[in-house]
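First up is the structure itself, then whatever we jot down about it.
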Amino acid sequence: QVQLVESGGGLVRSGGSLRVSCTASGRTFRSYFMGWFRQAPGTEREFVAAISSSGGNTYYADSVKGRFTISRDNAKNTVYLQMNSLEPEDTAVYYCAADRHGTGYRKKDEYDYWGQGTQVTVSS
């Protein structure tokens, strides 16, 4: 079993940057595909970014491509999401998730474990 804990959320002005982190328990972190999702009030949880177990492949939603960067440090059991040029539309609770297979990384139902989420608020 994997436990995930997000951190690093907060309030930032439009155009600013923020980095959120997700630290996993257990010795099997390096074998998991990792994803970031977000959910704004009244909306469905949506895919943001994903990274393969080795970190060699990354994937992004069109809405964040070129602004967000996902990375991971397997030695620290941590995955990061660097968010630049933030917009008010990026305001949401950001969740990290772990997937043993990585075949449907855009689909939230494919993920096996979830963190509790961290709030990111972008003011205009």
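The values are calculated or read from the model by the stated rules, or taken from the named source; none is laboratory data. Here the structure is a predicted model, which means the values were calculated and not measured. In case anyone asks, the SASA skips ligands and DNA or RNA and just uses the protein heavy atoms, side chains included. Shrake-Rupley method; radii C 1.70, N 1.55, O 1.52, S 1.80 Å.
Spatially, segment 50-70 and segment 1-43 are offset by 13 Å when compared through their Cα centroids. Every pair of different Cα atoms in the chain enters the Kirkwood calculation, which places the hydrodynamic radius at 14.1 Å.
With a 1.4 Å probe and all protein chains left in place, how much of the accessible area of segment 1-70 comes from carbon and sulfur atoms, in whole percent?
So the carbon and sulfur contribution to the accessible surface is 44 percent.
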